[in-house]
Number of protein chains: 2
Amino acid sequence: MSPFDLDAYLRERRALVDAALVRLLPGEDVPPPTVHRAMRYSVMAGGKRLRPILVIAGAEAVGAAPATVMPTACALELIHTYSLIHDDLPAMDDDDYRRGRLTNHKVFGDAIAILAGDALLTLAFKLVADNAALVPDARVICDVVAEIADAAGTGGMVAGQVVDIESEGKAVTPETLEYIHSHKTAALLRASLSVGVRLGGGDAAALAAISDAGQSLGVAFQIVDDILDVEGSLEALGKTAGSDARKQKATYPALHGVDASRREARRLIERAKSRLAVFGARSAPICALADFVVERKS
Amino acid sequence: MSPFDLDAYLRERRALVDAALVRLLPGEDVPPPTVHRAMRYSVMAGGKRLRPILVIAGAEAVGAAPATVMPTACALELIHTYSLIHDDLPAMDDDDYRRGRLTNHKVFGDAIAILAGDALLTLAFKLVADNAALVPDARVICDVVAEIADAAGTGGMVAGQVVDIESEGKAVTPETLEYIHSHKTAALLRASLSVGVRLGGGDAAALAAISDAGQSLGVAFQIVDDILDVEGSLEALGKTAGSDARKQKATYPALHGVDASRREARRLIERAKSRLAVFGARSAPICALADFVVERKS
């Protein structure tokens, strides 16, 4: 049992992030209203805010306050949301529900959904640039822009989505599955922690440690996501359980079984936590988040 | 008659840009190859490279060399290309040809086309961040990221595209048409010149002048584009002439007639050139480009 109160931590940080998102997104009455409504519809659909909270936890691990990284924390949530909107399109995964609500294109149509995703990705980089006002060295902001772009583009998230789509209905090797997981999900989770440490003023050793830990945590997160898709229900997930199997998506439990998958997720989380030792007591939130990632039910 | 040899200028700058694009885009053999092939397919389809050349011309107007702004110049071309790929999708304008070749989704499918567009937009911001190595003050790079994001997002290009789509088949007021033109096209053209001046070390007065000139030039460019769509041919344009009318798109000649449209474009170009006087002889390339924009046949 950890003495760290993760529930309170998540509640407080999520409230900070939600308030910042409301403030930083263009208002629904700002022209053109359609796209701004579509952007807010998906961003404010109430996710876990895992990526922004990881940015904040990364900053806190090196002693910086949440406020100093908030624009970048929100940027990571916008990038995550854009990827969900585009992934859900008929041309991609063709999903009707997300987080228990109709997907963006089901409400606003495919054209506005594509543009809302494009706009969220664009706004994300604006927010990172705006973060320059909160840190002493603007060169760090340039590094953060580059790291996020690497993690979100064809060196990360987009690459994972491409290979995921190309693997549908095919027999997938463990190596390909590892590639999909480490790019589609882990890259952005790792970057979230890493840019938090960067903006918080962490040195090269801190960046190496957080990057390793973030990679392990990210892959573990995706493995648990796969398990939940097998075991979960619509109520808990807000999306149709078993949808991966129905679409013949490559998943960790399909390849290795549920028990081995859960063991692998736990092993990765232990590895992540061992790399976090360098941050001492300040890593308590990330360690608790790591346990949460692997034990969560939705 | 201007003594400035625009043909030679465009040829030389375009060669520099094309070489840089080849170097900066991920290779077609880099995994996952599909999306990298799709990105190169559209970027290397041989456009005019107007936006990167405007970035270079902006830098030259304040005495900086093309090499110091090349990553950002390429970034503007990637953003332009991403917008074309997404605009051409069946869910948007549903175009089969662009620059005389099949559109991206006709070759690679809708899913890869969406992802290739997303990846180009993401890579664009990576290139701007990389430009930090070539300028003395990283804070300028943050300003450039913010300005490009404003011009490409719902304060600019995306806003114009949204209103354009929403106006199809409807009677459009002159004010709405002005909104579409100034956002969909002019915003990114203006930003191209402006970030060139910014990276080249221009002061506030230079930025104000170039921003005004860029806005006029950008609107004139779109008006001429509309005229060419009425008058042009598939050979010259690489796309089907009259396609705007067929889709009942709002255009300047449809609202004001071809003669008045051409007069308005010329008036805007004269206004742009008068604002460029502050740069003296160094503005010769931009002035020649402005004349070219309004006199071009494709």
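Throughout, read-outs are computed from the coordinates displayed, never taken from laboratory work. Since this is a predicted model, take the numbers as computed values, not measurements. Counting neighbours? That spans all protein chains shown, and the Cβs are built from the backbone with ideal geometry, glycine included.
For A:Arg101 and B:Ala8, FRET efficiency with R0 = 45 Å and r from the beta-carbon atoms, rounded to 0.05?
0.20
For the protein assembly as shown, with only Lys/Arg (+1) and Asp/Glu (-1) charged at the beta-carbon, what is the dipole magnitude about the Cα centre, in debye rounded to 20? Display every interim value, and only then the final one.
Details: 66 positive and 78 negative charges, 119 e Å.
Roughly 580 debye for the protein assembly as shown.
Starting with the highest mean, order B:131-137, B:53-59, A:82-88 by the number of other Cβ atoms within 10 Å, averaged over the residues of each peptide.
Numbers: B:131-137: 16.3, B:53-59: 29.7, A:82-88: 24.6.
So the peptides B:131-137, B:53-59, A:82-88, ranked by packing, come out B:53-59, A:82-88, B:131-137.
Report, in listed order, any pair from B:Lys126/B:Lys249; A:Lys126/A:Lys297; B:Lys48/B:Lys249; A:Lys126/B:Lys106; A:Lys170/B:Lys106; A:Lys106/B:Lys170 with a Cα-Cα distance greater than 27 Å. Display every interim value, and only then the final one.
Numbers: B:Lys126/B:Lys249 34 Å; A:Lys126/A:Lys297 34 Å; B:Lys48/B:Lys249 24 Å; A:Lys126/B:Lys106 32 Å; A:Lys170/B:Lys106 23 Å; A:Lys106/B:Lys170 23 Å.
Violating the 27 Å Cα-Cα cut-off are B:Lys126/B:Lys249; A:Lys126/A:Lys297; A:Lys126/B:Lys106.
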Cβ neighbours within 10 Å from other chains - mean over A:31-44: 3
Across the identical copies, how the A:Arg267 labels are spaced - nm, sorted shortest first, 7 Å along Cα→Cβ: 7.4
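Shape verdict for segment A:28-94, please, from the Cα gyration tensor: rounded (a/c under 1.5), prolate (a/b greater than b/c) or oblate.
Values: a/c = 3.42, a/b = 1.70, b/c = 2.02.
Oblate shape, in that a/c is at least 1.5 and b/c is the bigger or equal ratio.
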Highest average packing first - B:156-164, B:121-129, Cβ atoms within 10 Å: B:121-129, B:156-164
222 nm mean residue ellipticity, helices alone, for chain B (DSSP H n ≥ 4; -39,500 (n - 2.57); rounded to 500): -21500 deg cm²/dmol
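Find out how many positive minus negative residues lie around B:Ala209, taking Lys and Arg as positive, Asp and Glu as negative, among other residues whose Cβ is under 13 Å from that of B:Ala209.
+4
Indicate the gyration tensor shape class of segment B:95-207 (rounded, prolate or oblate), computed on the Cα atoms with a ≥ b ≥ c the square roots of the eigenvalues: a/c under 1.5 is rounded; otherwise a/b larger than b/c is prolate and the rest oblate.
Numbers: a/c = 2.75, a/b = 1.35, b/c = 2.03.
Oblate, because a/c is 1.5 or more while a/b does not exceed b/c.
Within 10 Å of each Cβ of B:81-90, how many other protein chain Cβ atoms are there on average? Let's see the in-between values first.
On the way: counts 0, 3, 2, 0, 0, 5, 3, 0, 5, 4.
Taking all residues of B:81-90 together, the mean is 2.
Pop the C-beta distance of B:Lys48 and A:Ala67 into the FRET formula with R0 = 35 Å and round what comes out to the nearest 0.05.
In this case the efficiency is close to 0.20.
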Cα shape, chain B, gyration tensor, a/c 1.5 rule: oblate
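For peptide A:128-136, compute the average count of partner chain beta-carbon atoms within 10 Å of each residue's beta-carbon. Walk me through the intermediate numbers first.
Numbers: counts 6, 14, 4, 1, 7, 2, 0, 0, 0.
Mean partner shielding for this stretch: 4.
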